[in-house]
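Chemist: Quick one: this structure, given as structure tokens, is what I'll be asking you about.
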Amino acid sequence: MRFQKRGGAPAILQTHGAKWTALWVKRRQAYQADPHKKAPSFAWPTTDGTTVNVRLIPLLKAQTQDHCSFCDSYPVEPPGKDTIEHFKPKTTFSEDAFAWENLFFCCPCCQDAKKENYDALLLKPDAGGYAFDDWFLADLTNGEMQPHPKLAGEKLERAKKTIELYGLDSEEQRSARRLWIHHYGPQLNLGDRNSDVVPYREWLAQLP
């Protein structure tokens, strides 16, 4: 999980975000008030014939140089899939459903792992002062990602919870990293390559 600099909220959210949020909150409140109602499904609004998520994805991708905000995989596939992650789930935090600071570009693997779960301990990749090397340790022998051994107490729990909820140490993630380490890592030369065109950028400095 690499630090990303958050840009200002786009005009479309500044203009319409409050209205869309109010409608979604109202639908969620109606459902919570009547347990017999069917849970409302979330849908991105459409403006000028284009859904809002399609407008937002390029802006979110620009903040991560097209990498997943959480595992840093690149490229994120398949193209065209809705890959906006609500850091605070839109079901339990309906007031944040259209909050710019709550939206992240995310790969399907990390989205499928987290689903609608949340914990206040989660690390946020655009939080001031966040740095990968302060929280995590990359194992270049087997692709594992673990909390940094220097951590203790609440900091250790935060690293553990972030790895757990986003599935950052799943076998699927380990396998992808092992493939990268063994087949691509030895060919990398940071002196003549742009690190933004390869996955797992925080692991690059540790390659032999």
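The values are calculated or read from the model by the stated rules, or taken from the named source; none is laboratory data. As the structure is a computational prediction, the values presented were derived from the model and not from experiment. Positions of Cβ are backbone-derived with ideal geometry, glycine not excepted, and every protein chain shown enters the neighbour counts.
Chemist: Looking at 55, 28, can you tell me which residue is in contact (Cβ under 8 Å) with a residue 60 or more places away in the chain, outside the structural domain of residue 145 (by TED's automatic domain parsing), of a type outside the set (A, V, I, L, M, F, W, C) and part of a helix (DSSP H, G or I)? Please lay out each step first, then the result.
Modeler: On the way: 55 fails: in contact (Cβ under 8 Å) with a residue 60 or more places away in the chain.
Answer to the selection: 28.
Chemist: Can I ask one more? I need the strands (runs of 3 or more DSSP E) fully contained in the stretch 83-146, keeping only those with at least 1 residues that are of a type in the set (Gly, Ala, Ser).
Modeler: Details: elements: 84-86, 103-105, 136-138.
Here the list reads 136-138.
Chemist: OK, next. Of the conditions (1) within 16 Å of residue 75 (Cα to Cα); (2) modelled with pLDDT of 85 or more, residue 198 satisfies every one except a single condition; which number is it?
Modeler: Only one criterion in (1) within 16 Å of residue 75 (Cα to Cα); (2) modelled with pLDDT of 85 or more is unmet by residue 198, namely (2).
Chemist: So, in the stretch 31-47, how many residues would count as being assigned to a helix (DSSP H, G or I) and either over 29 Å from the mean Cα position of the chain (by Cα) or not assigned by TED's automatic domain parsing to the domain that holds residue 95 (or both)? Outline the logic, then answer.
Modeler: First, pick out the residues of the stretch 31-47 that are assigned to a helix (DSSP H, G or I): 31-33.
Those left that are additionally either over 29 Å from the mean Cα position of the chain (by Cα) or not assigned by TED's automatic domain parsing to the domain that holds residue 95 (or both): 33.
Qualifying residue count for the region: 1.
Chemist: So, in the stretch 109-156, how many residues would count as being over 22 Å from residue 67 (Cα atoms), touching a residue at least 40 places away in the same chain (Cβ under 8 Å) and charged (D, E, K, R)?
Modeler: 1
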